[in-house]
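**Q** Okay, handing you the structure first.
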Amino acid sequence: MIEPSDLRMTRIPLNHGAGHMPALGFGTLIPDAAVTITATRDALEAGFRHFDCAERYRNEREVGEALRAGLAAGGIAREDIFVTTKLWNTNHRPERVEPAFEASLDRLGLNYLDLYLIHTPFAFQPGDEQDPRDQTGNVLYDRGVTLLDTWEAMESLVDRGRCRAIGLSDIGLNELLSIYESARIKPAVIQVEAHPYLPETELLEFCKENGVVFLAFAPLGHGIRPGPLEDPVISAIAARVGKTSAQVLLAWAVQRGTALLTTPRTEARARENLNISALPEDALEEINRIQTRQRFNEVVKTGSPGFIPRGR
Ligand SMILES: NC(=O)c1ccc[n+]([C@@H]2O[C@H](COP(=O)([O-])OP(=O)(O)OC[C@H]3O[C@@H](n4cnc5c(N)ncnc54)[C@H](OP(=O)(O)O)[C@@H]3O)[C@@H](O)[C@H]2O)c1
């Protein structure tokens, strides 16, 4: 378990000497283009140094614009931030991986990535339509490519120095194991939903034993209420330690050894979500004893993400 004196500064080492990931990450799944720009700029200014993007969020240009302006204004070097983006399901065919990667990099206006993730283990029909469906609305999957085929194309991006680390998202333990065992370059990071209602303890243990960073999305349960933000155990601890429920949930996530992503849209929220302090051991144990179990995002079942900006 990581218990640094200042949780906000926690940086988690990546395998293969690929540097460190700041544990507190800013997620860019924001539907509105203008809000994407202000929220990204505010997050950088508040102190976030880890930015999570995706081809599927359709706002890499806005994130890149805000990052470049923020780095220049704040005198911050590119090497001082950690940037991730993700390969979408329609680009799993090996010959589509590098073009998709380069297109993301171009939209972000960067010349390398710290981390590139396979967004979900589901391959969709290749093409420009991100959400291919048949006439009855069923997702069109691509049965002609395996996750390992896609992984090998990701490995070649690392070989050529285009990105420092590669990983997977929305993956369960069995799929992770099969890639982990076959991979020449082992996954450095997995990004999955995790919070006290979905602790994913077995997956986290595997990651710790094998040097894979466990990066939690929805550490606040996507902000859905009722949910972890309103859980009576969390609220009581928050009152006791003089923090907000969000800060308690984020501290718990970092202290159990995960990195995390949140999406504050205002500077005040960004500062709140960074301003976390270590919880006492008894509080961590109380949170670990919460019995409620709930998954808020169904993406792991179909590859179709909820919470996607529509219509841009
Ligand atoms: N790999 C995947 O499939 C996947 C799926 C989903 C998300 N992600 C990544 O994970 C990132 C994080 O997403 P998330 O939904 O987990 O973000 P989150 O910040 O944990 O949850 C967002 C919700 O929490 C609320 N919130 C944020 N800070 C709060 C605070 N201090 N107090 C109370 N409410 C607060 C927000 O409210 P407001 O609306 O009022 O701001 C919003 O409704 C995304 O941006 C994306 O990068 C990845």
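**Q** Which of the residues that make up segment 31-52 are touching a residue at least 60 places away in the same chain (Cβ under 8 Å) and crowded, with 21+ Cβ neighbours inside 10 Å?
**A** The answer is ALA39, ASP42, ALA43, PHE48, HIS50, ASP52.
**Q** On the given criteria, is LEU215 in contact with a Lys or Arg (Cβ under 6 Å, 6 or more places away or on another chain) and either closer than 27 Å to THR84 by Cβ or more than 16 Å from the ligand (Cβ to nearest atom) (or both)?
**A** No, not satisfied.
**Q** Condition (residue is surrounded by fewer than 20 Cβ atoms within 10 Å (Cβ to Cβ), free of Cβ contacts under 8 Å to residues at least 40 places away in the same chain and at positive phi) applied to segment 248-266: is it met by at least one residue?
**A** Looking through segment 248-266, none of the residues is surrounded by fewer than 20 Cβ atoms within 10 Å (Cβ to Cβ), free of Cβ contacts under 8 Å to residues at least 40 places away in the same chain and at positive phi.
**Q** Those residues that are more than 22 Å from THR84 (Cβ to Cβ) and near the ligand (Cβ under 8 Å from one of its atoms), I need them from segment 247-284; list them, please.
**A** The answer is GLN247, THR266, GLU272.
**Q** Are there any pairs, at least 6 apart or on different chains, whose C-beta atoms fall under 7 Å, with the first in segment 126-142 and without any contact (Cβ under 8 Å) to a residue 12 or more places away in the chain and the second surrounded by 10 or more Cβ atoms within 10 Å (Cβ to Cβ) and not in a strand (DSSP E or B), and if so, which?
**A** ARG133/LEU140; ASP134/LEU140
**Q** Something else about it: So, in segment 156-200, of the ones that are of a type in the set (Asp, Glu) and crowded, with 16+ Cβ neighbours inside 10 Å, which residue ends up nearest to the ligand (Cβ to nearest atom)? Before the answer, list the steps.
**A** To start, the set of residues in segment 156-200 that are of a type in the set (Asp, Glu) comprises 159, 170, 175, 181, 193, 200.
The next check asks that each one be crowded, with 16+ Cβ neighbours inside 10 Å; those that pass are 170, 193, 200.
Numbers: ASP170: 5, GLU193: 7, GLU200: 13 Å.
Selected residue: ASP170.
**Q** Sticking with this one: Determine which member of the set ARG56, ARG11 is surrounded by fewer than 19 Cβ atoms within 10 Å (Cβ to Cβ), within 28 Å of ARG184 (Cβ to Cβ) and of a type in the set (Lys, Arg). Let's see the steps before the verdict.
**A** On the way: ARG56 fails: surrounded by fewer than 19 Cβ atoms within 10 Å (Cβ to Cβ).
Checking each option against the conditions leaves just ARG11.
**Q** Of the residues SER235, SER156, SER169, SER182, which is of a type in the set (S, T, N, Q) and touching a strand residue (DSSP E or B) at 6+ places or on another chain (Cβ under 8 Å)?
**A** Matching residue, one of SER235, SER156, SER169, SER182: SER169.
**Q** Can you run down the residue pairs with Cβ atoms below 6 Å, 6 or more apart or on separate chains, where the first is in segment 14-27 and touching a residue at least 24 places away in the same chain (Cβ under 8 Å) and the partner is within 16 Å of the ligand (Cβ to nearest atom) and of a type in the set (S, T, N, Q)?
**A** From residues that are touching a residue at least 24 places away in the same chain (Cβ under 8 Å), the pairs are GLY27/THR263.
**Q** Related question: Which one of these does GLN130 not meet: (1) surrounded by fewer than 22 Cβ atoms within 10 Å (Cβ to Cβ); (2) part of a strand (DSSP E or B); (3) within 16 Å of the ligand (Cβ to nearest atom)?
**A** Of the numbered conditions (1) surrounded by fewer than 22 Cβ atoms within 10 Å (Cβ to Cβ); (2) part of a strand (DSSP E or B); (3) within 16 Å of the ligand (Cβ to nearest atom), the odd one out for GLN130 is (2).
**Q** Restrict the check to segment 39-51 and report whether at least one residue is in a loop (DSSP other than H, G, I, E, B), in contact with a Leu (Cβ under 9 Å, 6 or more places away or on another chain) and more than 23 Å from SER169 (Cα to Cα).
**A** yes
None of the figures in this text is laboratory data; all of them are computed from the coordinates on show. Just so you know, these numbers come straight off a predicted model, no measurement behind them. Cβ coordinates were reconstructed from backbone atoms using ideal geometry, including for glycine residues, and neighbour counts include every protein chain displayed.
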